[in-house]
Amino acid sequence: MLPKAHRLRHWKDFQTVYKNGIRCRGKRLALRAYHRRSVPPQDNDEQSVAEVLPTRIGISIGRKVSKRAVVRNRIKRQIRAAARQILPYLSPGWDVVAVALPDAKECNSHQFLQELEQLLAKAEVLNGHSRGSLV
């Protein structure tokens with residue numbers, strides 16, 4: 001399970017990412033990423049530094065991937081495990097939605113990790129924007 005601060009949960013947030021985000025597509029996953037702007041510091045003495053927004057990740061799997069909920073939930077768990085491993089390497093302030101494509105049924109967690117890393121590097125969400133550093 002992803003930490004609560006790093007979960008994208010509300011449908012309005014998903015809609016914002018779908019509407020305004022950049023798109024990247026691989027063989028098994030499609031990725032949408034939207035960069036949120038950080039909140040400027042207030043005039044109070046307590047908040048002298050701008051608030052750093054955490055990167056939030058959402059996962060979307062449609063019935064085109066599989067009609068069986070068991071299969072969709074397994075894919076979602078595997079993508080969530082890959083996202084958990086990549087989370088420390090992500091730049092702050094991004095909203096990311098990973099969308100599973102029909103070819104995702106035949107994948108394992110390692111393949112999801114590789115593809116997710118490539119897509120995040122392509123979208124410039126990874127710190128340093130490097131490829132192949134995690135796997």
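Here, each number is a calculation from the coordinates, and none is a lab measurement. Keep in mind that what you see is a predicted model, and the values were worked out from it rather than measured.
If you wrap the Cα atoms of the chain in a convex hull and average its projected area over all directions, you get 8.8 nm².
All C-alpha pair distances within segment 59-131, sorted into 10 Å bins from zero, spread as 19, 52, 24, 4 percent across the bins.
Here the chain carries DSSP beta bridges of which approximately 70% are antiparallel, counting only pairs with both residues inside. Compute the angle between helix 109-122 and the longest alpha-carbon principal axis of the chain, please, reported from 0 to 90 degrees and rounded to the nearest 10. Helix 109-122 and the main axis of the chain meet at about 50 degrees. Based on Cα contacts under 8 Å between residues 6+ apart, the chain shows a relative contact order of 31 percent.
Nearest 500 deg cm²/dmol is fine: what mean residue ellipticity at 222 nm does the chain get from its DSSP H runs of n ≥ 4 alone, each adding -39,500 (n - 2.57), divided by its residue count?
Rounded to the nearest 500, the figure is -10000 deg cm²/dmol.
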